[in-house]
Amino acid sequence: YLAALGLLAYAIFKLCCALGDVEHHGSDAKGLAMRIGDGGSAIAHMLLAWTALQFAQGDKQRAGSDDAGQQAASSVLTWDLGNFLIGVIGIALIIGAALQARNAVSAHFMRLVSGAPEPVLWIGRAGHAARAVVFLLIGWSLVRSAWFENGKEVKGLGDALMSLRDNGTLYTLVAIGLLLFGVFSLIVARYRTIPDFDSSSLKPALH
């Protein structure tokens with residue numbers, strides 16, 4: 001339950017980043033792309049929070065499968081413009097994957113981590129690289145689902161990882177990278193600089 005609550009809180013934070021520009025990305029093309037990526041991250045973490053909640057309630061079999069995500073996508077595809085909505089979410093996740101890859105190369109994430117030990121840089125890079133692969137696989141599956149109007153194309157976290165099984169080295173590296181991102185997140189929870197929010201506009205005031 002604590003994990004589900006934490007994942008939901010992070011999803012809400014990323015949603016605020018997307019809608020209210022909490023991290024001052026701006027409104028130019030680059031800033032908007034980063035905010036769309038934050039929106040994709042919010043959606044991904046909401047899904048993870050839901051999975052954690054199912055597991056906490058004892059529904060381990062359902063939490064361990066991606067059927068719920070496929071059923072939800074199939075329902076959305078029956079709506080007017082449902083395939084468009086699924087496609088937009090998929091594109092947002094693909095943009096999020098590109099931003100994760102950029103962070104892995106540039107270590108741009110360290111700008112918000114003040115006073116953390118030096119190894120955090122490399123732990124964060126490995127974690128962001130692994131997340132880039134997972135976000136790309138899930139986002140592409142949503143785009144395919146929208147294009148073919150088939151909810152069974154959708155991959156959750158489990159299916160995304162299992163699709164890498166045939167490539168043993170990549171599968172192992174992504175699994176290790178995700179574990180390292182967990183370690184990175186625990187460290188960042190201690191050191192990350194969270195800006196204060198302006199009460200009138202959701203804009204932060206950095207100090």
Fill in: Protection proxy ranking of 174-180, 33-39, 185-191 - average other beta-carbon atoms within 10 Å, highest first
33-39, 174-180, 185-191
Practice prompt. Pop a pseudo-label 7 angstrom from the Cα along the beta-carbon direction at both SER27 and LEU173 and give the gap in nm to one decimal.
Written response: 4.1 nm
Worksheet item: What length, rounded to one decimal in nm, is gained on full extension from VAL105 through to ARG165, with 0.36 nm per residue of separation minus their alpha-carbon distance?
Response: 19.1 nm
Worksheet item: Gain in length, ARG190 to LEU2, computed as 0.36 nm per residue apart minus the alpha-carbon separation, to one decimal in nm?
Response: 66.0 nm
Discussion item. How charged is the neighbourhood of ARG125? Take every other residue with its Cβ under 15 Å from the Cβ of ARG125, and add Lys/Arg as +1 and Asp/Glu as -1.
Written reply: +2
Practice prompt. Place the peptides 23-30, 49-56, 126-133 in order of packing, highest mean first, counting for every residue the other Cβ atoms within 10 Å and averaging per peptide.
Written response: 126-133, 49-56, 23-30
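Where a number appears in this text, it was derived from the coordinates with a stated rule and is not lab data. Quick caveat: nothing in here was measured; it's all calculated off a predicted structure. Here the Cβ is made from the backbone with ideal geometry for all residues, glycine too, and neighbour counts use every protein chain on show.
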